[in-house]
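Participant: What follows is a single structure, and I will ask about it in a moment.
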Amino acid sequence: MTAPDGIVLAVLLSLVSAAGYALAAVAQSRLAASASSDGGSGALRALLARGQWWWAVGLNAAGALAHVAALHYGPLTLVQPLGALTLVAALPLGAYCARRRVTRAEWRGAFWTLAGLVGLISVTGPATPGDALTLNEALIVAASTALLIVVLARGGRNGAGSRAETSRRGRGLGHATASGIASGVASALTQTLTAALALELPGGATAWWQTALIAVLISAFAVGGLLLSQTAYRGGLAAPLAVVNLSNPAAAAVIGVALLGETFRAGVWGWLIAAAASVVAARGVVLLTKGAGAALTTTAPPQTPGTEPVTAPATQVPTRMPAPARTTAAPAPTPATAPVTPTVTSPLPSITAPGQPLPPPRTDEPATVPAPTATPATVPLAG
């Protein structure tokens, strides 16, 4: 394969990798939005039981494989900046799934973050062949990283009101930082594992159990990074994804500079460019956080009135229940029948001749005229 063909293939594979990572991030964000906020093993079991989660895992794996293949055909200076397109691709995809538009603040934040990320990658030199951590260095890095992850994951407890929302976003960014660091350390340990399997590990060959220990550490950090990114997406999609993409190469750069003797390109200017790129990327993350908050406030009001009709009928039921009691008491005798207690005894005699006077009433017997049926009489009573 010629060099131009390899460059084209590397670009296509990089775009496929960015698309895979973006789709996985959107799927994880939707899972985080629909899942319960309670943590623990119960939430983890519910997450593992959902097919959408395994689709996200498969998309992440496909993105990683495409990224490795792109590095095989193209240089790191080309593949790494194209991998940063994950954020640009995930932003409209997430907004489309949420049925909203991407805000201007989110677009500005995405491009600021992308510019800072490209600046960091451009001055980060590739590792020279044979650079790897020794077994002791790998264990020290793993222990210190685990402690840092615990601190980041436990920070930012919830408060009340708007402070609770701010705390939730801050905790999401902390989880995103921990996820990126875990993934960066997993990459550094993978390089160490490769050197150990090739019997080129600094310090000499290792025993089988030491190699197996490094493999277990890689698996733990990889899975932990995936789960931490899942919890980070509870605070939104764009800002946590940007922090993950920034903290991953930053952790790898710290390990390379501190333990492997690497440095930024262009000497002092490289350090200055890296510092400026970090500031630019931090501004982008801030804009993404504000843009996500504005999107939540614009979509939140239409949902709140939907809860009012649910509680309104419940408050009206007690006021309607006594109504049948009043209707049952209605058949009681009306005051109009009370005065119908005449002293007339038996039914009136039949009238044989018109104009004949009525006989005087008898007073020796009590009146026995039934109240409801005697009232329709048509014969007028004489005074």
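Participant: Pick from 35, 19, 56, 24: which is open to solvent by 20 Å² or more (accessible area, probe 1.4 Å), in contact with a helix residue (DSSP H, G or I) (Cβ under 9 Å, 6 or more places away or on another chain) and modelled with pLDDT of 85 or more?
Facilitator: 19
Participant: May I pose another question? Give 279, 243 a once-over and let me know the one that is among the β-branched types (Val, Ile, Thr), out of contact with any Gly (no Cβ under 7 Å at 6 or more places or on another chain), at pLDDT 85 or above and assigned to a helix (DSSP H, G or I).
Facilitator: Answer to the selection: 279.
Participant: Follow-up. For the range 67-101, name all the residues that are in a loop (DSSP other than H, G, I, E, B) and open to solvent by less than 30 Å² (accessible area, probe 1.4 Å).
Facilitator: Within the range 67-101, 74, 84 meet the criteria.
Participant: Consider residue 158 against the criteria (1) in contact with a helix residue (DSSP H, G or I) (Cβ under 9 Å, 6 or more places away or on another chain); (2) at pLDDT 75 or above; (3) of a type in the set (S, T, N, Q): it satisfies all of them except one. Which criterion is unmet?
Facilitator: (2)
Participant: Can you give me the number of residues within the range 214-232 that are over 19 Å from residue 174 (Cβ atoms) and either touching a Leu at 6+ places or on another chain (Cβ under 8 Å) or among the hydroxyl-bearing types (Ser, Thr, Tyr) (or both)?
Facilitator: Of the residues in that region, 5 qualify.
Participant: Looking at the range 107-114, is at least one residue among the charged types (D, E, K, R) and assigned to a helix (DSSP H, G or I)?
Facilitator: Yes.
Participant: Let me ask another. Go through (1) open to solvent by 30 Å² or more (accessible area, probe 1.4 Å); (2) modelled with pLDDT of 85 or more for residue 262 and report which single condition fails.
Facilitator: That leaves (2) as the condition not met.
Participant: Only residues that are in contact with a helix residue (DSSP H, G or I) (Cβ under 6 Å, 6 or more places away or on another chain) and closer than 20 Å to residue 252 by Cβ: list them for the range 192-208, please.
Facilitator: Residues satisfying the conditions are 192, 193, 196, 201.
Participant: Being farther than 15 Å from residue 142 by Cβ and part of a helix (DSSP H, G or I) is the filter; apply it to the range 178-213 and report the residue that is farthest from the chain's Cα centre (by Cα).
Facilitator: Top of the filtered list is 208.
Participant: Right, something else. Every residue in the range 79-95 that is over 17 Å from residue 281 (Cα atoms) and β-branched (Val, Ile, Thr), please.
Facilitator: The answer is 79, and nothing else.
Participant: For the range 219-243, which positions are surrounded by 19 or more Cβ atoms within 10 Å (Cβ to Cβ) and among the hydroxyl-bearing types (Ser, Thr, Tyr)?
Facilitator: 229, 231, 233
The values are calculated or read from the model by the stated rules, or taken from the named source; none is laboratory data. Note that the coordinates shown come from a computational prediction; the quantities given were computed from them, not determined experimentally. Reconstructed Cβ throughout: ideal geometry from the backbone, glycine too, with neighbour counts over all protein chains shown. Note: accessible area is taken over every heavy atom of the protein model, side chains too, but ligands, DNA and RNA are not part of it. Shrake-Rupley method; radii C 1.70, N 1.55, O 1.52, S 1.80 Å.
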